[in-house]
Amino acid sequence: MSVSPSSQHQIVLLLLGFAATVALIGVSVLISLSEISFAAARDVRLRSRAEAGDPRAVAFLKLRRNSGQVITVLQICLNAVGVLGGIISESMLSDPIAAGFLAMGTGPALASKLGSACSFILITGLFVLFADLLPKRIAMNAPDRIALKVGWFPAVALKILYPAVLVFSKISDWLLKLLKIPAAATVEPVTPEDLRAILAAGTASGVLLEEEHQMIQNVLGLQDRAVTSAMTPRDEIVFLDVQESPESQRDKVRVRPYSRYPLCDGGLDKVIGSIRAEDVLVAVVDEPQPKSTGLAPIASQIFRMRRDVLSLPDTLNLWETLAQFEAHSAGFALIVNEYGLVVGLITYKDIMGALMDGLVSPFEEQAIVRRDDKSWLIDGAAPIGDVIRELDIPMFDDAQNFDTVGGFVMNRLRRMARKADSVQSSGFRFEVVDVEGFRINQLLVTRLN
């Protein structure tokens, strides 16, 4: 069976149309991959690759410094491909498809309309699926790797179309200036919330271990935790007093052994320095003075061995406290309020304990213990920031008024807490379980329905 010249012409036109469509889809794939990877690739990883000697990373970072021109050339290519796709649809595909409908007995007018509609739908569907959706999803999944593989395309296109890019760039800059819109994008600072979201995503993807994530969270939390949340309270501070008897000092050192002690002269609010444990042992334990000599020799000996002590205001956070430790080469400091009274003592170990908080340790009791899906047992001295994060509680408006969950309860009660007192806030009930003196030892926190 012979084929008429007209039919041969339509078949050739159809094949050429499909070949041109495939070529345009290939160019569109490169454009989509370049567009997404150029925007989503992370500078940190690319810089590390560039420092390792990867020439593709070096070229891509250099290209990224001209982001405005790259975006312009990609848009020129994208629109040019779209226009060419429409031309192909109309001139190469619609007539052969219309001829096919005409051969099936469709009227000429209807066949022409069906040919145009089918060619439009076919070209649009192919471009949307293969030139837009698939390459963009691929580029979003691995932007850094794709950027290195297709970085050559925008560089080549920029060289070829540089005159057009220059013209369009000047026109767009003039229009932006006319509309009083900044031509360059302002770099937004990364907030702690952004960083925490990135860390959570890294943990979910397996890049970070749970313990690593917790450690980094604790480091970030040092700026949110007041020094008073980690210090030893005033009534628990063990100090030596030059006015005490040698027996009293000896008992303190033996019962409560520490590396350093605050040294006072008549009470904790009259601190004259600090003294090391080994110096105390030499003066008090190893060479005890007879009672007949009185305490003057011991007191003078301890007084001579005293060292300076670092004092810090109670308004600092743990990060600032750590910086003061590093600046003064100190291992502990006294915390003083605005009236000059000592309210607590903090050591380097206390800050390290805050860094390790939440990590599994067989030697330390956790401050926040989950009982079931809706209740927790919480130490009254647990930092309020840790409680908010662990229980996923919205931030309290007056969180600056307290440092611990016990302080939060007393702030809500507006009085000192007693056993069985409770307050409700943000969908949780905070019930006092144990009280020692004026201090809340333990709370039962329950999520309300």
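The values are calculated or read from the model by the stated rules, or taken from the named source; none is laboratory data. None of the values given here were measured: they were computed from a predicted structure. Cβ atoms come from the backbone with ideal geometry, glycine included; neighbour counts cover every protein chain shown. SASA here: full protein model, heavy atoms, side chains in, ligands and nucleic acids out. Shrake-Rupley method; radii C 1.70, N 1.55, O 1.52, S 1.80 Å.
The set of residues in the range 435-449 that are surrounded by fewer than 15 Cβ atoms within 10 Å (Cβ to Cβ) and either within 36 Å of the chain's Cα centre (by Cα) or not in a strand (DSSP E or B) (or both) comprises 437, 438, 448, 449. Can you confirm whether residue 75 is part of a helix (DSSP H, G or I), open to solvent by 60 Å² or more (accessible area, probe 1.4 Å) and either polar (S, T, N, Q) or in contact (Cβ under 8 Å) with a residue 12 or more places away in the chain (or both)? The answer is yes for residue 75. Could you identify the single residue in 159, 113, 170 that is among the basic types (Lys, Arg), surrounded by 13 or more Cβ atoms within 10 Å (Cβ to Cβ) and modelled with pLDDT of 80 or more? Matching residue, one of 159, 113, 170: 113. Within the set 302, 335, 298, the sole residue that is among the aliphatic types (A, V, I, L, M) and at pLDDT 70 or above turns out to be 335.
Listed by first and then second residue, the pairs linking a residue in the range 47-64 that is open to solvent by 30 Å² or more (accessible area, probe 1.4 Å) to a residue that is modelled with pLDDT of 85 or more and acidic (Asp, Glu), with Cβ atoms under 9 Å apart and 6 or more places separating them unless they lie on different chains, are 49/144. Of the residues making up the range 389-422, just one is buried (at least 18 other Cβ atoms within 10 Å of the Cβ) and part of a strand (DSSP E or B), namely 404. Residues that are in contact (Cβ under 8 Å) with a residue 24 or more places away in the chain and among the acidic types (Asp, Glu) occur in the range 401-424; there is at least one.
Counting just the residues of the range 344-355 that are within 11 Å of residue 227 (Cα to Cα) and either in contact with a Leu (Cβ under 8 Å, 6 or more places away or on another chain) or not hydroxyl-bearing (Ser, Thr, Tyr) (or both), which one comes out surrounded by the most Cβ atoms within 10 Å (Cβ to Cβ)? Selected residue: 346. Counted as qualifying within the range 202-281 are the helices (runs of 4 or more DSSP H) with 1 or more residues that are open to solvent by less than 20 Å² (accessible area, probe 1.4 Å) and farther than 22 Å from residue 403 by Cβ, namely 246-255, 277-280.
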